[in-house]
1. Considering only residues that are within 30 Å of B:D230 (Cβ to Cβ) and surrounded by 10 or more Cβ atoms within 10 Å (Cβ to Cβ), look in region A:39-58 and name the one that is farthest from the other protein chains (Cβ to nearest Cβ).
2. Would you say B:E271 is more than 30 Å from B:G93 (Cα to Cα), more than 11 Å from chain A (Cβ to nearest Cβ) and in a helix (DSSP H, G or I)?
3. From B:R373, B:R343, B:R324, B:R378, which residue is of a type outside the set (A, V, I, L, M, F, W, C) and not in a helix (DSSP H, G or I)?
4. Of the residues B:A101, B:A94, B:A105, B:A112, which single one is within 13 Å of chain A (Cβ to nearest Cβ) and of a type in the set (A, V, I, L, M)?
5. How about region B:47-72: which of its residues are free of Cβ contacts under 8 Å to residues at least 24 places away in the same chain and not in a helix (DSSP H, G or I)?
6. Can you go through A:E74, A:E24, A:E36 and tell me which one is exposed (fewer than 11 other Cβ atoms within 10 Å of the Cβ), among the acidic types (D, E) and more than 7 Å from chain B (Cβ to nearest Cβ)?
7. Enumerate the strands (runs of 3 or more DSSP E) found wholly within region B:387-495, keeping only those where 3 or more residues are more than 27 Å from A:V38 (Cα to Cα) and assigned by TED's automatic domain parsing to the domain that holds B:D251.
8. Hey, among the residues in region B:341-370 that are surrounded by fewer than 22 Cβ atoms within 10 Å (Cβ to Cβ) and of a type in the set (S, T, Y), which one's nearest to the other protein chains (Cβ to nearest Cβ)?
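The values are calculated or read from the model by the stated rules, or taken from the named source; none is laboratory data. What you see is a predicted model; the values in this text were computed from it and never measured. Here the Cβ is made from the backbone with ideal geometry for all residues, glycine too, and neighbour counts use every protein chain on show.
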Amino acid sequence: MPEQTIDVKYVANLARLDLTEGEEARFSSQLGNILEYVRKLESLDVGDAEPMAHASPVYDVMRDDRRRPGAGAEKALANAPDRSADQFRVTRVVE
Amino acid sequence: MSRSAAKLTIAELQRDLRAKRRSPREAVADVLQAIDSRDGTVRGYLSTDAETALAEAEKADVSLPLGGIPVAIKDLINVAGHPCGCASKFLDGAYTSTYDASVIARLRDAGAIPLGRTNMDEFAMGSSTENSGVQVTRNPWDTGRIPGGSSGGSAAVVANDTAVAALGSDTGGSIRQPAALCGCVGLKPSYGRVSRYGLVAFASSLDQIGPMTKTSEDAALLLGAIAGADPLDSTCLDEAVPDYTRSLTGDLAGLRVGLPAEYFGEGIDAEVRSLVEAAIGELESLGAGVVEVSLPHTEYAVATYYIIATAEASANLARFDGVRYGRRAAEPADILDHYRRSRSAGFGDEVKRRIILGTYVLSSGYHDAYYVRAQKVRSLIREDFSRAFEQADVLVSPTSPTPAFEIGENVDDPLQMYLADIFTIAANLAGICGASTPCGFAAGGGEAGLPVGLQVLGPAFAEGAVLRVTDAYEKATGWHQRRPGTASADGGGAS
């Protein structure tokens, strides 16, 4: 596993989080400890073990292709922080 | 009228309702009254909606399997028309469910009445309920201590007799560990046993909803109502749902109980160890044979879990962007500022830590070293259990290495907090089922002491075998019938 310590500020930006300086310092040290702990996986010989993505056998689940009622616009918009008519009003995304 | 309905089990209340010794409305009124008089200090509930619950009680059909039975619901399961906040500032007061989760729809079909939202660690991330963004929940046995987590509210209200039963969710022990620390019964069903439609996702390959109750018989009744395939959750398997109460034979003749050597090593509180050893003796006297088994990859389980769970959480929590629901920062400069400020103001420390860790282990250059490696170790952990279950029908261990710790004791050391889940985490990684039931009391807190839990693990879809063991043990010992004294929990002024 990589020796490099976690650049908390950089990763927080990837996750769309702003951190205060206090959080940055605290999380750097706490996450550093946690990464140090998980490094124990490095020493284990995993042989040819398959990566396990699901806890149970996975298979495709099919259903009939029939029309079903959906939630509808009013329900979908019921918790909108901001709306305009039948739409979510969002922060501008184009210049 | 005899005892308050809040003090009864599902089975007892069901008998009373069917014999018309009390009405569903009286039962709901009793629970509301119990909450008023005894939840003030414990604070297991985030809110109740008395009017709706009483109105639903009026219409309850007591001939149905759970007709007229009120059930408390962890605050991450959608109940139409009620708030659902995951105990997060991001959603609290800003979100009302527009639909029922499948487990709620099934409870309603069975005649049950959702009554009250219970507190939890924010987005189910924690082992003490101290990560709630809304309030502190106290252990009813000693209000200076934590109730466990993340389903700490559900465990506390069941143990405190302010609920008949509750639903919780378990991603790494979040049903079993609080059940152990509060002295009630908690069952984590196998992965794929219960639909997660309408459960706010934390780690999708690990999460399961399950019952938190006063007896294993109640857990069997509640599981029977909520289990089974669901067209709205493709991970919920199409396995027949047996009548789990038929597994409750009261004896353990011919049953092979496995003791994983790695679960009885160092780091276990001495009283917890001796109570669990005494419980194993009791299982033998009920007819079980005991064999030692090995789960050789146990020491890697916590590390594996915190890579996989945080990776999945970082993806699942991307949906909380302040666009369609939840809190949105005021007057953002641009869309990135909107995301960053909305999320940063809404999430607490533990949620931020886990999102950052999960983003890190999935990021380019680290994905194979951390995430894929953890997935391989997860395979090895599952194989450990497969081999152990060739030698034993169920495995037994402590649920938690210690009794409830004091509020504030571990908040600054997340790694120490993670290690509290050491005996429960592997079951989620392997997808198997497990339950915790009270097996005695350790010194500490008040005169009554602090509850200790016995964990029983079974293979996938062997909930019946697990409940057979916990039920027989309960009938033989009666530990599960002890209740906290009301003196310390009667403060009433805190709400």
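1. The residue in question is A:V58.
2. yes
3. Values: B:R373 fails: not in a helix (DSSP H, G or I); B:R343 fails: not in a helix (DSSP H, G or I); B:R378 fails: not in a helix (DSSP H, G or I).
None of the others qualify; the one that does is B:R324.
4. Details: B:A101 fails: within 13 Å of chain A (Cβ to nearest Cβ); B:A105 fails: within 13 Å of chain A (Cβ to nearest Cβ); B:A112 fails: within 13 Å of chain A (Cβ to nearest Cβ).
The conditions single out B:A94.
5. The answer is B:K59, and nothing else.
6. A:E74
7. In region B:387-495, the matching strands (runs of 3 or more DSSP E) lie at B:433-442, B:450-458.
8. Out of the qualifying residues, it is B:S344.
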